[in-house]
Amino acid sequence: MALLEKINKTNVPKHVAIIMDGNGRWAKKKGMMRIFGHQNGVKAVRASLEAAVKTGVQNLTLYAFSTENWNRPQAEINALMELLVDTINGELKTLNENSIRLHTIGNTTSLPQKCQTKLQEAINNTKHNTKLNLILALSYSSRWEITNAVKNIAKDVAEGKINADQIEEKTIGQYLNTSQFPDPELMIRTSGEYRISNFLLWQLAYAELYFTETLWPDFREDDFYTAILDFQKRERRFGMTTEQITA
Ligand code: IPE
Ligand code: IPE
Ligand code: MG
């Protein structure tokens, strides 16, 4: 039986977040430049989008560029920014054909102007799509996001817009970049690295974590389905006991 058919459509994570890792190592294994790995990573993005739509996942966040990635060699940064623009140009039609709506999280004002313009165009161009929210994390880090949230909460308290005593967990969620999306229920990281790398620290509080040795450029629809099937085998207890969950 095909993996897709094994998935229980009534228990699909509402939000899947992916740390797309291993592009550089994939290229190196082939004796190629790191950018060749990034270019081939686009195929895995396409496969993940397809798989998300087919399984009925409504929100997909892809960690595409972290705040820390600004410390990479300038030539690699430039190539990644070019690739971002080219990918949007190449995929916009597919996004609309599949009713995928583009969003970004992160400090996108730090991206080159050309990227910002392209992203804004694509965001506007896809804003009526309803099947899947594709959330690209760009110049994103969770500590940056939380720091900003704290700053904005402090401002709003100072201006009397909110009362410090009334700050709840929900309030903090509302000040994060992800305020309009549910928390990820499944986080996937490729390339055999077992860390979070400053990704969605608040939002992943109760996410199921799935790690695979597969390098990102090799990740395909079946890898996505395998992760979902693994998620469906887990018992999510949220601090309670098995007996309570099954009652
Ligand atoms: C992930 O692949 C893509 C980005 C971080 C932009 P890497 O470029 O981190 O690849 P490895 O981890 O060096 O193999
Ligand atoms: C995390 O991958 C960031 C993205 C996938 C965009 P990295 O490859 O940059 O993470 P570290 O440095 O290995 O933790
Ligand atoms: Mg990496």
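The values are calculated or read from the model by the stated rules, or taken from the named source; none is laboratory data. The shown structure was predicted, so the numbers you read here are calculated from the model rather than taken from an experiment. Virtual Cβ from ideal backbone geometry, glycine too; neighbours counted across all protein chains shown. The area values use the complete protein model at the heavy-atom level, side chains included, leaving out ligands, DNA and RNA. Shrake-Rupley method; radii C 1.70, N 1.55, O 1.52, S 1.80 Å.
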Selection within region 62-77 - under 20 Å from Asp218 (Cα atoms) and either out of contact with any Ser or Thr (no Cβ under 8 Å at 6 or more places or on another chain) or at pLDDT below 95 (or both)
Ala64
How many residues does region 1-28 hold that are out of contact with any helix residue (DSSP H, G or I) (no Cβ under 9 Å at 6 or more places or on another chain) and either charged (D, E, K, R) or farther than 28 Å from Glu68 by Cβ (or both)?
4
For region 68-93, give me the residue count where each residue is open to solvent by 50 Å² or more (accessible area, probe 1.4 Å) and of a type in the set (S, T, N, Q).
4
Step by step: first the residues of region 53-71, then only those that are under 16 Å from Glu145 (Cβ atoms) and assigned to a helix (DSSP H, G or I), then the one that is nearest to ligand 1 (Cβ to nearest atom). Which residue is that?
Asn69
Residue, most open to solvent (accessible area, probe 1.4 Å), within region 215-236, restricted to residues that are within 28 Å of Arg143 (Cβ to Cβ) and part of a loop (DSSP other than H, G, I, E, B):
Arg234
Residue tally, condition open to solvent by 40 Å² or more (accessible area, probe 1.4 Å) and either more than 12 Å from ligand 2 (Cβ to nearest atom) or modelled with pLDDT under 95 (or both), over region 10-41:
12
From the list Ala44, Ala2, which residue is within 24 Å of Ser141 (Cβ to Cβ) and either open to solvent by 20 Å² or more (accessible area, probe 1.4 Å) or within 16 Å of ligand 2 (Cβ to nearest atom) (or both)?
Ala44
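Let's see how each residue does on (1) open to solvent by 20 Å² or more (accessible area, probe 1.4 Å); (2) within 26 Å of Asn198 (Cα to Cα):
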residue: Asn96; (1), (2): yes, no
residue: Arg101; (1), (2): yes, yes
residue: Pro112; (1), (2): yes, yes
residue: Leu138; (1), (2): no, yes
residue: Asp165; (1), (2): yes, no
Consider only pairs whose beta carbons are under 7 Å apart and that are at least six residues apart or on different chains; among these, list those whose first residue lies in region 171-197 and is over 19 Å from Asn11 (Cβ atoms) and at pLDDT 95 or above and whose second residue is of a type in the set (Gly, Ala, Ser) and within 16 Å of ligand 1 (Cβ to nearest atom).
Asn177/Gly106; Thr190/Gly22; Ser191/Gly22; Ser197/Ser66
When restricted to Glu76, Glu91, Glu82, Glu50, the only residue of a type in the set (Asp, Glu), over 27 Å from Lys9 (Cβ atoms) and away from ligand 3 (no atom under 16 Å from the Cβ) is Glu82
Filtered residue count, region 194-214, keeping only those that are within 16 Å of ligand 3 (Cβ to nearest atom) and surrounded by 14 or more Cβ atoms within 10 Å (Cβ to Cβ)
7
Give the residue that is nearest to the chain's Cα centre (by Cα), with candidates limited to residues of region 54-65 that are farther than 17 Å from Val85 by Cα and surrounded by 17 or more Cβ atoms within 10 Å (Cβ to Cβ).
Thr61
One residue from Ile88, Ile77 being in a helix (DSSP H, G or I) and away from ligand 1 (no atom under 13 Å from the Cβ):
Ile88
